[in-house]
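Working notes, structure below.
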Amino acid sequence: MAPYDVLGNIALVKFPKGTTMHEKKRFAVLFMQEHPRITTVLEKTGKIAGRLRTPTSRWLGGEKTKEALYAENGCVFRLEVDTCYFSPRLAEERKLIAGLVRKGERVLVLFGGVGPFAIVIAKKNKAKEVVSVELGKEPSRYALENVKRNKVVVDVVQGDVNRILPRFAKQGKVFDRIVMARPNLKATFLSSTLRVVKKGTRIHYYGFCHETELEDMQQALVREGKEKGKKLQIVGTKKAGDIGTRKYRYRIDLVVR
Ligand SMILES: C[S@@+](CC[C@H](N)C(=O)[O-])C[C@H]1O[C@@H](n2cnc3c(N)ncnc32)[C@H](O)[C@@H]1O
């Protein structure tokens, strides 16, 4: 069975090399017969790449659309799979983080995509303010639509985290909790993030590495904090998904002391 992701009505399938087009189309037909809620089957044709982290796909069968309607954690999200990064595998993380938010918190979600973290958090009705920052125009447009669809209040800001956060800092904005659902890129984005923290701010930092490099990644974050004059304490580390052989997406929980 080829590995696949399901996003509501759409299945995104990754076929092994050498699979013929005839076999792929046949797979699509059988897949939809077995899974009646899937009405479109797409093939993942490219690796997730670039700053916007979007995959490319090819239609194989069913309704000709690339727009998915996906439900999770009591919320519904619409998105276009070729222009918006979205990982259904982060559903559990979104639930866990939303569960940590305490009454009256100001929460900032960086790399917000079509709004899943921010909306699941806002739906809990505990936060005083939820802000989501996303670079891409299309994901930001969907984020606004998804905020309305889920009847929550989230401030969706479109732009580069490294430009938006200095602006927030100038306005004197600080947050109690910051979710850094980072793309798998080298930049830590920590120096911008540390401009909008105060003592006690909690940062959920998502980083990617081989398990043998975890300690280096943790130490580098604490060091970077120190260089920026902030004392960061690691209060938790957990695996939040695998990305290869002994390579993981880790969530490192930091507190500003
Ligand atoms: C790993 S995804 C996170 C998506 C979403 N939070 C989720 O749970 O599915 C990364 C997102 O970061 C955005 N991004 C990449 N670089 C950025 C930057 N410098 N500023 C703001 N957003 C950025 C991408 O467009 C993409 O939507």
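The values are calculated or read from the model by the stated rules, or taken from the named source; none is laboratory data. Here the structure is a predicted model, which means the values were calculated and not measured. We place every Cβ from the backbone using ideal geometry, glycine too, and count neighbours over all the protein chains shown.
Filter segment 120-164 down to the residues that are near the ligand (Cβ under 10 Å from one of its atoms) and of a type in the set (V, I, T), then identify the one that is farthest from Y70 (Cα to Cα).
That would be I164.
Could you count how many residues in segment 92-113 are in contact with an Asp or Glu (Cβ under 8 Å, 6 or more places away or on another chain), among the hydrophobic types (A, V, I, L, M, F, W, C) and either outside the structural domain of Y205 (by TED's automatic domain parsing) or assigned to a loop (DSSP other than H, G, I, E, B) (or both)?
Within segment 92-113, residues that are in contact with an Asp or Glu (Cβ under 8 Å, 6 or more places away or on another chain), among the hydrophobic types (A, V, I, L, M, F, W, C) and either outside the structural domain of Y205 (by TED's automatic domain parsing) or assigned to a loop (DSSP other than H, G, I, E, B) (or both) number 1.
Determine whether E105 is surrounded by fewer than 21 Cβ atoms within 10 Å (Cβ to Cβ) and farther than 19 Å from V197 by Cα.
No.
Matching residues to (1) touching a helix residue (DSSP H, G or I) at 6+ places or on another chain (Cβ under 7 Å); (2) under 30 Å from V152 (Cα atoms); (3) without any contact (Cβ under 8 Å) to a residue 24 or more places away in the chain; (4) of a type in the set (F, W, Y):
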position: K17; (1), (2), (3), (4): no, no, yes, no
position: E23; (1), (2), (3), (4): no, no, yes, no
position: R26; (1), (2), (3), (4): no, no, yes, no
position: R37; (1), (2), (3), (4): no, yes, no, no
position: L42; (1), (2), (3), (4): no, no, no, no
position: R51; (1), (2), (3), (4): no, yes, no, no
position: G61; (1), (2), (3), (4): yes, no, no, no
position: T65; (1), (2), (3), (4): no, yes, no, no
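If you scan segment 196-253, which residues turn out to be polar (S, T, N, Q) and closer than 30 Å to Q171 by Cβ?
The answer is T201, Q233.
For L60, are the conditions met, namely being assigned to a strand (DSSP E or B), modelled with pLDDT of 95 or more and either within 12 Å of the ligand (Cβ to nearest atom) or surrounded by 20 or more Cβ atoms within 10 Å (Cβ to Cβ) (or both)?
Against the criterion (assigned to a strand (DSSP E or B), modelled with pLDDT of 95 or more and either within 12 Å of the ligand (Cβ to nearest atom) or surrounded by 20 or more Cβ atoms within 10 Å (Cβ to Cβ) (or both)), L60 qualifies.
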